[in-house]
Amino acid sequence: MQLSRLFIRRRRETTVTAVYEAIVAAARHPRLYAAYGVPDTVDGRYDMIILHVILVLERLKTTGHEGSELSQRLTDYFFADMDRSLREMGVGDLSVGKKVRRMAEVFYGRARAYRSALEAESRDALTEALARNVFPSETRPKGARRLADYACSVCEHLGQTVTGSILAGHLEFAEPPQ
């Protein structure tokens, strides 16, 4: 019995790692920064990871218990990666917790805004939320609409992806259009 638990745990870790790596790869796509105007900064990259994590979490909401479990593991893995990244950037141990808490506040705030827009199927609301969060210093960012279009296409793609494939850690994102 113990041996089977070990294999199940290892498979779950492999799955969440694979899904998270696919998210990070999609969030790092150069076109998001070069053509869409997402700031190529720590904050800009964090925003792109957040967007992709939220899109995957939204898809997993439709998959029942296994999807809920993967959602929780993915969220935990995401914050553990943020903790690790802060430490690699040289943030001191005493302030890592505060910074991660602030990152969590940012994540959950964006999650509420993006989910609301996605559930309402409002591309305009998503564009506004992305403009406010990803392009805060621009008054009318051109990239916000393109980014909203891309996010909606990712939602469609994820909706067409076989649930078992995602739950097995096989996740691919289409390239952002030109």
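Readers should treat all values here as calculations from the given coordinates under stated rules, not as data from a laboratory. All values derive from a computational prediction rather than experimental measurement. Cβ coordinates were reconstructed from backbone atoms using ideal geometry, including for glycine residues, and neighbour counts include every protein chain displayed.
Could you work out the relative contact order of the chain? I mean the mean sequence separation of Cα pairs under 8 Å and 6+ apart, divided by the number of residues, in percent.
35 percent
Step through the residues of the stretch 107-114 one at a time and calculate ³J(HN,Hα) from phi using the Karplus curve (6.51 cos²θ - 1.76 cosθ + 1.60, θ = phi - 60°), rounding each to whole Hz and writing x for Gly and Pro.
Each residue of the stretch 107-114 in turn: 4, 5, x, 5, 4, 4, 5, 5 Hz.
Using a Förster distance of 35 Å, how high is the FRET efficiency between S95 and E69, based on the Cβ-Cβ distance and rounded to 0.05?
Once the sixth-power term is evaluated, E becomes 0.65.
Please tell me the relative contact order of the stretch 115-155 in percent, rounded to the nearest whole number, where contacts are Cα pairs under 8 Å and at least six residues apart.
Contact order relative to length: 38 percent.
I want the local charge near V100. Using Cβ-Cβ distances under 11 Å, sum +1 for each Lys or Arg and -1 for each Asp or Glu among the other residues.
+3
What size of dipole, in debye to the nearest 20, comes out for the chain about its Cα centre when the only charges are +1 on Lys and Arg C-beta atoms and -1 on Asp and Glu C-beta atoms?
Approximately 320 debye in magnitude.
Give the angle, between 0 and 90 degrees and rounded to the nearest 10, that separates the Cα long axis of helix 42-60 from the longest principal axis of the Cα atoms of the chain.
Between the helix axis and the principal axis of the chain, the angle is about 60 degrees.
Taking springs between alpha-carbon atoms closer than 10 angstrom, which of L118, L94, L86 fluctuates most in the Gaussian network model of the chain?
Residue with maximal mean-square fluctuation among L118, L94, L86: L94.
Put +1 on the Cβ of every Lys and Arg and -1 on every Asp and Glu Cβ in the chain; which of V154, V42, L171 then has its Cα farthest towards the positive end of the dipole?
V42
Using Cα extents along the principal axes in Å as the read-out, say which of (1) 95, 34, 24; (2) 56, 35, 29; (3) 59, 43, 26 was calculated from these coordinates.
The value matching this structure is (3).
Any idea how far the Cα center of the stretch 50-71 sits from the one of the stretch 124-168, in Å?
Answer, in whole Å: 15.
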